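S.K.: Please see the structure below; I have some questions.
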Amino acid sequence: MAIIAVYNIKGGVGKTATSVNLSYMSAATGNNTLLCDLDPQGSSSYYFRVKSKKKFSADHFLEGGNSLERSIRGTDYEHLDILPADFSYRNLDIALNHMKKSRKRLERVLDPLTAEYRHVFLDCPPNITLLSENIFYAADMILIPFIPTTLSMLSFTKLLEFFKESGIDRRKLFVVFSMVEQKKTIHQDTMQHFKGRKRILNTFIPYVTDIEKMGIYRQPVPAYRPDSKAGQTYAELWREIEENLLSHLD
Amino acid sequence: MKPLARLSRQLPDSSALQELADELEKKYTVQDALPQTTSLNFYDSFDWRLYAKGFLCFEQNDRLSLADLIGRELVPALSISGEAPGFSQHLPDSALKQQLAPVLEMRTLLLQSSFSQTTRQLRILNKDEKTVATVVLSELRVENGEIDQPICSVQLHEVRGYEKWFQRLERELEEFGTPLPCTREQDLKTALAAKGRTPQDYSSKFSVALKPDMAPLVAAKTIYRDLLGTMRENEQGILDDLDSEFLHDFRVAIRRTRSGLDMIKKVLEPKISARFKEEFRFLGKITGPVRDLDVYLLMEEDYKSKLPDHLQKGLHYFFEDLAEQRKKEQEKLVQGLQSSQYKTIIKDWGKYLRQKKKTEVAKKTPAIGKLANKIICKRFERVLRDGRAITADSPDESLHRLRIQGKKLRYCLEFFNSLYPAKEMKRLIKQLKELQNNLGLFNDLSVQQDMLNSYLAGLKPGSGKAKKMGAAIGGLLTNLYHEQQQVRAEFEATFHSFSSQENISLYEKLFSSAQKPSQ
């Protein structure tokens, strides 16, 4: 099993769209896949028309095991399940703080799912907290959707420093350019600056209305518009990620 | 995690499917997809190894699945690109391959039956328009079948986390009246029945039903007819060279026939008996070379594992050469099986076995029940006597001869199996099998060493290739020699348990009408 966290310290960078569409692609290529919506806003859950159980909460999540498994929902797509978010997740940090081995708790929670799923995606809330640290430890790959601007670069540098300080393997990090507007010079320049570097993925996600419209259709783009540019992009991006995952995990 | 619930029920016909769809659409929000038609292909080995283990293997939409008899997938399906699956070792590494390989061994997957399946998927939606259960209406039509009536069924699939919806729909189906479960196994049986077949309609195990009061000639003919049938069934697979076991089963049938002709004496007319002993000896001879080569080729992985890396290259050349030889021998074999000589033998033998002449039966011979007792006793005594004479100093030859005697005993136990209580016969055969395994392995190791030695002698010295092959064969010979020593050392204990008083008593009890076996 591989755990793929989709993370950025900033919000509004296309994290949820990336999580939803990539987990869909993973499932569509025959892998049993679980998407964990860890963002208390629950946007991923919304896209899949799923609500969490009334009795489910942050505490249940951290407890793992049966109570977590019972909260997993099948989506409308073969091989794809989702663990919907709960509003109480806003307290995940506080709950973690009260636990032993608080940095590696998530790893333990996710471990039993290994038998069931080939890929587990984590749609992460935007910030650096104890939860994010947990995510960094647990993940095999941390995918960072990244709008190619100066400010983004700044936050990326910060994240790299944080990794270095915490002693987390930086080879887990992968950047995917997101919401790219090719008409904007700043986007062009930033991408040019990074081009060809290690851990920068070749495929980038354009800023297109098909992705924006996900909220209306409440479906992954490659499901309702597989032949569109956006649909094709996610398929291509998934192929690239799978290649990287394979070489990384071996 | 809890597996997802799934149920499958039979429906009488296509109009019932439509009625059910209408019914559901009245009560639920249903998203109806366009019907899709795909072909569904069942695969198994010629001798039904998967089915015998409770597995069903089928291909649909370029995906190969392995399921239990109900139809639940046991491992994730495998994408295969349009080609028919063959040997398990050629499949991509996967859980499916791991499941298949030990069951299929050297046998190839063959298409056993084909359907065309039309499915219509109804998604049951909740008020958020989220799918909470899936209902699949299915019509199966046997491809090239004689009956055009489709097999209609409905499948209900649980969506994780929506158990209550599943239960609600289950009640709905019950009310609609779908009492009978529908399994993949039934689908397969129906498809085969349309062509007058059943699962496991071929087995390499010998079995005929005899009665003790049958005239010996009738019984013998029944046995030979069954063996001839096995030969005929395997012919095409040999000609098409599908896998090594067609020829193997074919040869076993030849050997059994020859053994029968030797052991069941004075039953067939002398002229007939003499002629076909000769004919079957000939058939054994023309089918021998390919089988011998097959045996080595099947050893490839085993041999590889016996040698260190630097000898692998030479081994590779060796097997390349064997494969080349086999190709030539296979061509000769095909010619042999297509020759008029072969066809005449098979035709005449078949014709003779079908003849019902009263005159022969009139001869005063004991019924088969008595005769079988006598034959088995004689064979058993022979094995006991020869086996007891073997000591640690006896030459290898003595073990080889005992192996032949063991085989004869085995064949006659199998020929006459139906005349005796099943449970006891099973025990006897199991006991004998252990002895045979020891002797068989000993013999295999001898034959392999002889073959390697003569191959080594035939190598043209000088070339680097020959040197490498020589080194590899030398390495193998050392290995095989040690292995054989060990097998020989195990013989004494194996024979001791075969010749136990308990086993002797069982033989006496079952076949006692003849004289007592010597103590």
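The values are calculated or read from the model by the stated rules, or taken from the named source; none is laboratory data. As the structure is a prediction and not an experimental result, all values here were calculated from the model. Every residue, glycine as well, gets a Cβ built from its backbone with ideal geometry; the counts of neighbours run over all protein chains shown.
S.K.: Would you check which residues across the stretch B:461-515 are of a type in the set (A, V, I, L, M) and outside any helix (DSSP H, G or I) and list them?
M.R.: Residue satisfying the conditions is B:514 alone.
S.K.: Determine, yes or no, whether residue B:103 is within 20 Å of residue B:200 (Cβ to Cβ) and at pLDDT 95 or above.
M.R.: yes
S.K.: Kindly check whether there is at least one residue in the stretch B:63-82 that is in contact with a strand residue (DSSP E or B) (Cβ under 9 Å, 6 or more places away or on another chain), of a type outside the set (A, V, I, L, M) and within 24 Å of residue B:246 (Cβ to Cβ).
M.R.: no
S.K.: Out of (1) crowded, with 19+ Cβ neighbours inside 10 Å; (2) not in a loop (DSSP other than H, G, I, E, B), the odd one out for residue B:190 is which?
M.R.: Condition (1) is where residue B:190 drops out.
S.K.: Sort through A:93, A:123 and tell me the only one that's touching a helix residue (DSSP H, G or I) at 6+ places or on another chain (Cβ under 6 Å), charged (D, E, K, R) and more than 29 Å from residue A:223 (Cα to Cα).
M.R.: None of the others qualify; the one that does is A:93.
S.K.: For residue A:219, are the conditions met, namely being within 20 Å of the chain's Cα centre (by Cα) and part of a loop (DSSP other than H, G, I, E, B)?
M.R.: yes
S.K.: So which residues in the stretch A:55-78 are at the interface with chain B (Cβ under 9 Å from one of its Cβ atoms) and either in contact with a Leu (Cβ under 7 Å, 6 or more places away or on another chain) or crowded, with 20+ Cβ neighbours inside 10 Å (or both)?
M.R.: Result: A:71, A:72, A:73, A:74, A:75, A:76.
S.K.: Tally the residues that are out of contact with any Ser or Thr (no Cβ under 8 Å at 6 or more places or on another chain), without any contact (Cβ under 8 Å) to a residue 24 or more places away in the chain, away from chain A (no Cβ under 14 Å) and closer than 19 Å to residue B:41 by Cα, restricting the search to the stretch B:72-89.
M.R.: Summing the residues that are out of contact with any Ser or Thr (no Cβ under 8 Å at 6 or more places or on another chain), without any contact (Cβ under 8 Å) to a residue 24 or more places away in the chain, away from chain A (no Cβ under 14 Å) and closer than 19 Å to residue B:41 by Cα in the stretch B:72-89 gives 3.
Residues are listed down the side, and each one gets a yes or a no for (1) at pLDDT 90 or above; (2) of a type in the set (A, V, I, L, M); (3) over 18 Å from residue B:320 (Cα atoms):
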{"site": "B:436", "(1), (2), (3)": "yes, no, yes"}
{"site": "B:439", "(1), (2), (3)": "yes, yes, yes"}
{"site": "B:443", "(1), (2), (3)": "yes, no, yes"}
{"site": "B:453", "(1), (2), (3)": "yes, no, no"}
{"site": "B:458", "(1), (2), (3)": "no, no, no"}
{"site": "B:465", "(1), (2), (3)": "no, no, no"}
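S.K.: Residue by residue through the stretch A:191-249, note down the ones that are hydroxyl-bearing (Ser, Thr, Tyr), touching a residue at least 12 places away in the same chain (Cβ under 8 Å) and in contact with a helix residue (DSSP H, G or I) (Cβ under 7 Å, 6 or more places away or on another chain).
M.R.: Across the stretch A:191-249, the qualifying residues are A:203, A:228, A:234.
S.K.: May I pose another question? I'd like to verify a number: residues in the stretch A:190-241 that are farther than 19 Å from residue A:121 by Cβ, at pLDDT 90 or above and among the small types (Gly, Ala, Ser), how many?
M.R.: Final tally of qualifying residues: 1.
S.K.: Any idea how many residues of the stretch A:145-159 are of a type outside the set (Phe, Trp, Tyr) and farther than 9 Å from residue A:10 by Cβ?
M.R.: Adding up the residues that qualify gives 9.
S.K.: Tally time: how many residues in the stretch B:1-32 are closer than 26 Å to residue B:69 by Cα and within 14 Å of another protein chain (Cβ to nearest Cβ)?
M.R.: Total satisfying the criteria: 6.
S.K.: Turning to a different aspect of this structure: Show me the helices (runs of 4 or more DSSP H) entirely contained within the stretch B:295-408 in which 1 or more residues are within 28 Å of residue B:268 (Cβ to Cβ) and modelled with pLDDT under 90.
M.R.: So the answer is B:358-362.
S.K.: Only residues that are assigned to a loop (DSSP other than H, G, I, E, B) and either under 21 Å from the mean Cα position of the chain (by Cα) or farther than 21 Å from residue B:253 by Cα (or both): list them for the stretch B:409-426, please.
M.R.: B:420, B:421
S.K.: Just to verify a result, which residue in the stretch B:54-69, among those that are more than 14 Å from residue B:112 (Cβ to Cβ) and not hydrophobic (A, V, I, L, M, F, W, C), is nearest to the other protein chains (Cβ to nearest Cβ)?
M.R.: B:63
S.K.: So, one more: Look through B:269, B:279, B:233 and report the one residue that is farther than 21 Å from residue B:444 by Cα, among the acidic types (Asp, Glu) and surrounded by fewer than 16 Cβ atoms within 10 Å (Cβ to Cβ).
M.R.: None of the others qualify; the one that does is B:269.
S.K.: Looking at the stretch B:35-61 only, could you name the residues that are assigned to a loop (DSSP other than H, G, I, E, B), over 19 Å from residue B:192 (Cβ atoms) and at pLDDT 90 or above?
M.R.: B:35
S.K.: Using the structure shown, decide if residue B:449 is out of contact with any Phe, Trp or Tyr (no Cβ under 7 Å at 6 or more places or on another chain) and in a helix (DSSP H, G or I).
M.R.: no
S.K.: Turning to a different aspect of this structure: Six or more apart or on different chains, Cβ under 6 Å: which pairs go from a residue in the stretch A:141-158 that's within 15 Å of residue A:179 (Cα to Cα) to one that's crowded, with 24+ Cβ neighbours inside 10 Å and modelled with pLDDT under 80? Could you list them?
M.R.: The qualifying pairs do not exist here.
S.K.: In the list B:323, B:372, which residue meets the criterion of being in contact (Cβ under 8 Å) with a residue 24 or more places away in the chain and touching a Phe, Trp or Tyr at 6+ places or on another chain (Cβ under 6 Å)?
M.R.: After applying the criteria, what remains is B:372.
S.K.: Still on this structure, I have one more. Among the residues of the stretch A:12-42, what is the count of those that are crowded, with 20+ Cβ neighbours inside 10 Å, farther than 20 Å from residue A:234 by Cα and more than 14 Å from chain B (Cβ to nearest Cβ)?
M.R.: So the count comes out to 2.
S.K.: Okay, moving on. What do you reckon, is residue A:81 within 11 Å of another protein chain (Cβ to nearest Cβ), buried (at least 21 other Cβ atoms within 10 Å of the Cβ), modelled with pLDDT of 80 or more and not in a helix (DSSP H, G or I)?
M.R.: Taking the combined requirement at face value, the residue satisfies it.
S.K.: While we're on this one: Pick out the one residue from A:52, A:45, A:102 that is in a helix (DSSP H, G or I) and more than 9 Å from chain B (Cβ to nearest Cβ).
M.R.: A:45
S.K.: Give me a count of the residues in the stretch B:49-68 that are under 20 Å from the mean Cα position of the chain (by Cα) and buried (at least 16 other Cβ atoms within 10 Å of the Cβ).
M.R.: 9
S.K.: Taking the stated definitions as given, is residue B:121 buried (at least 17 other Cβ atoms within 10 Å of the Cβ) and either among the basic types (Lys, Arg) or within 14 Å of chain A (Cβ to nearest Cβ) (or both)?
M.R.: Criteria met by residue B:121.
S.K.: Just name the residue that is nearest to residue A:69 (Cα to Cα) out of those in the stretch B:4-30 that are surrounded by 14 or more Cβ atoms within 10 Å (Cβ to Cβ) and of a type in the set (Lys, Arg).
M.R.: Here the residue is B:6.
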